[in-house]
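> One structure, pasted below without further comment.
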Amino acid sequence: MTIHTHFFIAIPLPSKLQMELTEWKSSQMRQLPFKQWTHLEDYHITLSFLGEADSRTLERLTYRLQEFAQGFSAFDLTTKHLHTFGKEETPRILWLGVEQEPLLNQLQSRVKQICDDSGFQTDNRPYMPHVTIAKKWQSEEPFPIKEYEHKQPIFPSSFSVEAFYLYCIHMDRQPKYEAVETFSLGNNAAL
């Protein structure tokens, strides 16, 4: 059986926020029967999903992203409310949003453009930055959206974005995502 490796570009969450999310998740898993919960090391904010790629295409993309990242300054993000994707009663995804940040939107837009120019078929839906916490509601009871959406049990949490990463996906492992390339922003590039 052939395993196809897929790639994506994302901003990882700092370890402090990873731990806070994991503690919150542990306290909620009994009340919220989702089929799949995100692993501690897999929390991230996607910038662009790439799909499959050969090594030459990835090399070209990496070079272009390194060049771009050196000219883009670090910035801060603040997490905010919980939300869902899918039907309100049976959500596909429980996620954590981030405050509106123009620099994040600029970063995502430019990364997407570089990916498109490098031959990738990226998503054209409006960008909705988020951190996936859980997937696939699996209960006869409806999801108690009023108890969770827009609540802030441990949030907001602010952190500095000093780099973004190219990840490959390992569907057969935990954690699933492996950082294979780092793109340090601006004056962090020499670190």
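The values are calculated or read from the model by the stated rules, or taken from the named source; none is laboratory data. As the structure is a computational prediction, the values presented were derived from the model and not from experiment. Because the Cβ atoms are built from the backbone with ideal geometry, glycine has one as well, and the counts that use them run over all protein chains shown. In case anyone asks, the SASA skips ligands and DNA or RNA and just uses the protein heavy atoms, side chains included. Shrake-Rupley method; radii C 1.70, N 1.55, O 1.52, S 1.80 Å.
> Determine which single condition LEU94 fails, assuming it passes every other condition in (1) closer than 27 Å to GLY186 by Cα; (2) out of contact with any helix residue (DSSP H, G or I) (no Cβ under 7 Å at 6 or more places or on another chain).
That leaves (1) as the condition not met.
> Conditions first: (1) open to solvent by less than 20 Å² (accessible area, probe 1.4 Å); (2) assigned to a helix (DSSP H, G or I). LEU96 passes all but one, so which condition is the exception?
(2)
> Looking at THR57, THR62, THR79 in this structure, which one is within 16 Å of the chain's Cα centre (by Cα), polar (S, T, N, Q) and surrounded by 15 or more Cβ atoms within 10 Å (Cβ to Cβ)?
Working: THR57 fails: within 16 Å of the chain's Cα centre (by Cα); THR62 fails: within 16 Å of the chain's Cα centre (by Cα).
Going through THR57, THR62, THR79 in turn, just one is within 16 Å of the chain's Cα centre (by Cα), polar (S, T, N, Q) and surrounded by 15 or more Cβ atoms within 10 Å (Cβ to Cβ): THR79.
> Considering only residues of the stretch 174-188 that are of a type in the set (S, T, N, Q) and at pLDDT 95 or above, which is nearest to GLY71 (Cα to Cα)? Spell out the reasoning first.
At the first step, the residues of the stretch 174-188 found to be of a type in the set (S, T, N, Q) are 174, 182, 184, 187-188.
Now drop any that are not at pLDDT 95 or above, which leaves 182, 184.
On the way: THR182: 15, SER184: 10 Å.
This residue is SER184.
> Let me ask another. Could you tell me which numbered condition ALA74 fails, if it satisfies all but one of (1) in contact with a Gly (Cβ under 7 Å, 6 or more places away or on another chain); (2) open to solvent by less than 30 Å² (accessible area, probe 1.4 Å)?
ALA74 satisfies all of (1) in contact with a Gly (Cβ under 7 Å, 6 or more places away or on another chain); (2) open to solvent by less than 30 Å² (accessible area, probe 1.4 Å) except (2).
> Let me ask something additional. Show the residue pairs meeting these rules: Cβ distance below 6 Å; 6+ apart or different chains; first residue within the stretch 128-140 and without any contact (Cβ under 8 Å) to a residue 60 or more places away in the chain and within 16 Å of TYR177 (Cα to Cα); second residue surrounded by 18 or more Cβ atoms within 10 Å (Cβ to Cβ) and not aromatic (Phe, Trp, Tyr).
Note: no pairs meet the criteria.
> Now for a different question. Of the residues LEU103, LEU40, which is surrounded by fewer than 19 Cβ atoms within 10 Å (Cβ to Cβ) and either polar (S, T, N, Q) or touching a helix residue (DSSP H, G or I) at 6+ places or on another chain (Cβ under 6 Å) (or both)? Explain how you work it out, then say what you get.
Values: LEU103 fails: either polar (S, T, N, Q) or touching a helix residue (DSSP H, G or I) at 6+ places or on another chain (Cβ under 6 Å) (or both).
Going through LEU103, LEU40 in turn, just one is surrounded by fewer than 19 Cβ atoms within 10 Å (Cβ to Cβ) and either polar (S, T, N, Q) or touching a helix residue (DSSP H, G or I) at 6+ places or on another chain (Cβ under 6 Å) (or both): LEU40.
> Could you tell me which numbered condition GLY119 fails, if it satisfies all but one of (1) touching a helix residue (DSSP H, G or I) at 6+ places or on another chain (Cβ under 9 Å); (2) surrounded by 13 or more Cβ atoms within 10 Å (Cβ to Cβ)?
Status for GLY119: all satisfied but (2).
> Could you check PHE49 against (1) modelled with pLDDT of 90 or more; (2) open to solvent by less than 50 Å² (accessible area, probe 1.4 Å); (3) hydrophobic (A, V, I, L, M, F, W, C) and say which number it fails?
Exception for PHE49: condition (2).
> Please tell me if ASP116 is in a loop (DSSP other than H, G, I, E, B) and of a type in the set (D, E, K, R).
So ASP116 fails the test.
> A further question on this structure: Go through (1) in a helix (DSSP H, G or I); (2) over 20 Å from the mean Cα position of the chain (by Cα) one by one and return the number of the condition LEU21 breaks.
It is condition (2) that LEU21 fails.
> Pick from the stretch 142-154 the residues that are out of contact with any helix residue (DSSP H, G or I) (no Cβ under 8 Å at 6 or more places or on another chain) and part of a loop (DSSP other than H, G, I, E, B): which of them is modelled with the lowest pLDDT? It would help to see each step written out before you state the result.
Looking only at the stretch 142-154, we keep the residues that are out of contact with any helix residue (DSSP H, G or I) (no Cβ under 8 Å at 6 or more places or on another chain), and these are 142-152.
Subset that is part of a loop (DSSP other than H, G, I, E, B): 142-144, 150-152.
Details: PRO142: 91, PHE143: 90, PRO144: 86, HIS150: 58, LYS151: 59, GLN152: 52.
So the residue we want is GLN152.
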